[in-house]
1. Limited to region 274-290, what total is found for residues that are more than 16 Å from the ligand (Cβ to nearest atom), of a type outside the set (Gly, Ala, Ser) and either at pLDDT 95 or above or open to solvent by less than 30 Å² (accessible area, probe 1.4 Å) (or both)?
2. What's the number of the condition Arg31 fails, among (1) away from the ligand (no atom under 11 Å from the Cβ); (2) assigned to a loop (DSSP other than H, G, I, E, B); (3) surrounded by 16 or more Cβ atoms within 10 Å (Cβ to Cβ)?
3. May I ask you to list pairs of residues, at least six apart or on different chains, whose Cβ atoms are under 9 Å apart, with the first in region 329-351 being among the β-branched types (Val, Ile, Thr) and the second being open to solvent by 10 Å² or more (accessible area, probe 1.4 Å) and outside any helix (DSSP H, G or I)?
4. Taking the options Ala89, Ala46, Ala36, name whichever one is within 11 Å of the ligand (Cβ to nearest atom), touching a strand residue (DSSP E or B) at 6+ places or on another chain (Cβ under 8 Å) and at pLDDT 95 or above.
5. Looking at the structure I just gave you, is Asp192 in contact with a strand residue (DSSP E or B) (Cβ under 9 Å, 6 or more places away or on another chain), charged (D, E, K, R) and open to solvent by 10 Å² or more (accessible area, probe 1.4 Å)?
6. Considering region 49-86 alone, what residues qualify as being touching a strand residue (DSSP E or B) at 6+ places or on another chain (Cβ under 8 Å), within 13 Å of the ligand (Cβ to nearest atom) and either within 13 Å of Phe279 (Cα to Cα) or modelled with pLDDT under 95 (or both)?
7. Right, Ala111: more than 30 Å from Thr48 (Cβ to Cβ), free of Cβ contacts under 8 Å to residues at least 12 places away in the same chain and either away from the ligand (no atom under 11 Å from the Cβ) or open to solvent by 10 Å² or more (accessible area, probe 1.4 Å) (or both) or not?
8. State all residues of region 305-351 that are more than 10 Å from the ligand (Cβ to nearest atom) and hydrophobic (A, V, I, L, M, F, W, C); if no residue qualifies, say none.
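The values are calculated or read from the model by the stated rules, or taken from the named source; none is laboratory data. As the structure is a computational prediction, the values presented were derived from the model and not from experiment. FYI the Cβ positions are ideal-geometry reconstructions off the backbone, even for glycines, and counts take in every protein chain you see. Just so you know, the surface numbers come from the protein's heavy atoms only, side chains and all, with ligands and any DNA or RNA stripped out. Shrake-Rupley method; radii C 1.70, N 1.55, O 1.52, S 1.80 Å.
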Amino acid sequence: MLDPFAHDVLEDPAELHETLREAGPVVYLDRYDVYAMARYEHVYAALTNWQEFCSGAGVGLSNFRYEKPWRPPSLLLEADPPRHDAPRAVLSAILGPRALRRLREEWFADAEKLVDEVLGAREFDAVTALAQAFPLRVFPDTVGISREGRENLLPYGDHAFNAFGPANDLVEKGLPGIGEISAWVNAQCGRDALAPGGFGARIWAAADRGEITHEQAPLVVRSLLTAGVDTTVHGLAAVLYAMATNPVEWQRLRERPEVLARVAFDEAVRWESPVQTFFRTAMADMTIGDVTIPDGKKILMFLGAANRDPRRWADPDAFDLARDPSGHVGFGMGIHQCAGQHVARLEAAALLTALARRVERIELAGPPRRHHNNTLRAWASMPVSVSLA
Ligand code: HEM
């Protein structure tokens, strides 16, 4: 019985992805009584058809039609139109490219400082020293949460992303602490907890203007704290891994970081797919190929497999800055496409630009180690050595 959430698959999902892609457009997974899609064409079609592939019954294995969610559902990720529309419009404005322009200089300067500090050593762990350190340095301040308790952010996100999968050991591991951690996260979402001018305060200001209700505001802030930290950590780790293992591409990037930092990050999001999977729920009986998905059944979309589907991508396993990675589904597609993608891209551009200026070569200095999560393709550690320019 195929188990996409087994540890050996989380360690290296390539074989399962190929098996599923080759088996057909839709594959029934009896272990979980769900329908899997792994080809780009069908994942894309499902992502852009919210009417038939809904999110309101949850985007994890748990079906909110029959089961109580572990926390109040997200007003964005786990909502369908029309309820999805207002919170989405508020976040899109706050996290859009125009609104982020004023952060650019500050984040680029922060990245320079961090890189200077880290390059005091020639060998370090790229996961903790850069991929975790940079988002934790800029993002919580930008949202406007308190300094105290920030160590809860990564475990909270890790548990939330595990909770989209089955109730396996990874979920169990998070359970003992999650009550306290959730209480801390929820406390950060209140109006009084948020610094003026930050993303959080701007969500409350949108509620004051009547764009969303005051009851909705804390849950929209919570979306930032759930979706905005672990994802970027593993996105940055992905691009650092790509650079440490593709020296020719690193040299290319160093020649034109102002153009290629952005390409490199999106290519890394395609190549590694830090968010590997999300579910939808069928809104009617649907026949795709020769498989009928009954109304109400869960559909598991393999973003990671779609992003390496040879039907869509030439030489899909290569990390290649010469390719145009746009159209990848690593940030999703359609109405739920990542509301924070510009934030993630800005963080990556800042960090890669600072590294490109100072680092001539970056290489693995030992075997990197994966962190297993039911949804995220993640790293626990990545020893690297650098030589300076
Ligand atoms: C949605 C991936 C960073 C906030 C999504 C979705 C994906 C994704 C695949 C679509 C979910 C679906 O269709 O069901 C990623 C990756 C990131 C990243 C790979 C980093 C490399 C961020 C950041 C934020 C954020 C930094 C916040 C600042 C959100 C929100 C949604 C979302 C709020 C829900 C949007 C909606 O349902 O309308 N993300 N994300 N993400 N992301 Fe991200």
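1. Applying the first criterion (more than 16 Å from the ligand (Cβ to nearest atom)) to region 274-290 yields 284-290.
With of a type outside the set (Gly, Ala, Ser) added as a condition, the list becomes 285-288, 290.
If we keep only those that are either at pLDDT 95 or above or open to solvent by less than 30 Å² (accessible area, probe 1.4 Å) (or both) as well, we get 285-288.
Number of matching residues: 4.
2. All conditions pass for Arg31, except number (3).
3. Within 9 Å, the pairs are Val329/Gln337; Ile335/Thr48; Ile335/Trp50; Ile335/Asp80; Ile335/Pro81; Val343/Gly228.
4. Details: Ala89 fails: touching a strand residue (DSSP E or B) at 6+ places or on another chain (Cβ under 8 Å); Ala36 fails: within 11 Å of the ligand (Cβ to nearest atom).
Every option except Ala46 fails the conditions.
5. Working: in contact with a strand residue (DSSP E or B) (Cβ under 9 Å, 6 or more places away or on another chain): no; charged (D, E, K, R): yes; open to solvent by 10 Å² or more (accessible area, probe 1.4 Å): yes.
No: the conditions fail for Asp192.
6. Phe53, Cys54, Ser55, Gly56, Ala57, Gly58, Val59, Gly60
7. Values: more than 30 Å from Thr48 (Cβ to Cβ): yes; free of Cβ contacts under 8 Å to residues at least 12 places away in the same chain: no; either away from the ligand (no atom under 11 Å from the Cβ) or open to solvent by 10 Å² or more (accessible area, probe 1.4 Å) (or both): yes.
Judged against the criteria, Ala111 is not a match.
8. Ala305, Ala306, Trp313, Ala314, Ala318, Phe319, Leu321, Ala322, Ala349, Ala350, Leu351
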